[in-house]
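Reading through the structure tokens given below for one structure.
Please treat every number below as a calculation from the coordinates, not as lab data. Remember, it's a predicted structure, so these values are computed and weren't measured experimentally. Note that each Cβ is placed from the backbone with ideal geometry, even for glycine, and that neighbours are counted across all protein chains shown.
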Amino acid sequence: MAIVRSVFIWICFVPAAILNGGLREHVLNGILGERLALPLSGILLSGFIFLITWFLFPRMGAFSKKDCFKTGLLWMFMTVLFEFASGLAQGCAFAELLAAYNPATGNLWILVVLSTLLSPVIAGMKKGRKAGV
């Protein structure tokens, strides 16, 4: 049940990602250019995901280490599914969506996906230290 509750935290990632994309398109691209704005945007979104998780995940109740990892897997799956579904709905080619996973293109989306996977594990360790577990 706790893993299902954690979906509410993942939902907080969606507006953070949309705002981050707007920041990249309307501010960072103009200041830094797309070549630098794209990787910076990936780093920023990863940080936002981590901060959201750090503050909200421990408030969701008790999670075992296994539950933290399962939560990360669920969030990662939901993130990839959401990205592909929204990208395809907007008319992006499947190959274009896959290219986002290649950091050599300057896109650090893979960092965002890994942050989504690992944030509940790291936040769960914080909770465990606080509880003396």
Just to confirm a number: summing +1 for Lys and Arg and -1 for Asp and Glu over residues other than Thr116 whose beta-carbon lies under 14 angstrom from that of Thr116, what do you get? 0
When the chain is modelled as a GNM with alpha-carbon springs shorter than 10 Å, which of Phe84, Phe63, Phe94 fluctuates the most? Phe94
Return the equivalent ellipsoid semi-axes of the range 1-118 as a descending list in whole Å, where each equals the square root of 5 times an eigenvalue of the C-alpha gyration tensor. 27, 16, 12
Which of Val121, Val112, Val80 moves most in a GNM of the chain, Cα contacts under 10 Å? Val80
Which of Arg35, Arg24 has the fewest other C-beta atoms within 10 Å, and how do the rest follow up to the most? Arg35, Arg24
Pick out which of Val113, Val14, Val27 has the largest mean-square fluctuation in a Gaussian network model of the chain, springs linking Cα atoms closer than 10 Å. Val27
Farthest toward positive dipole pole in the chain [+1 Lys/Arg, -1 Asp/Glu at C-beta], among Leu32, Leu74, Ala89: Leu74
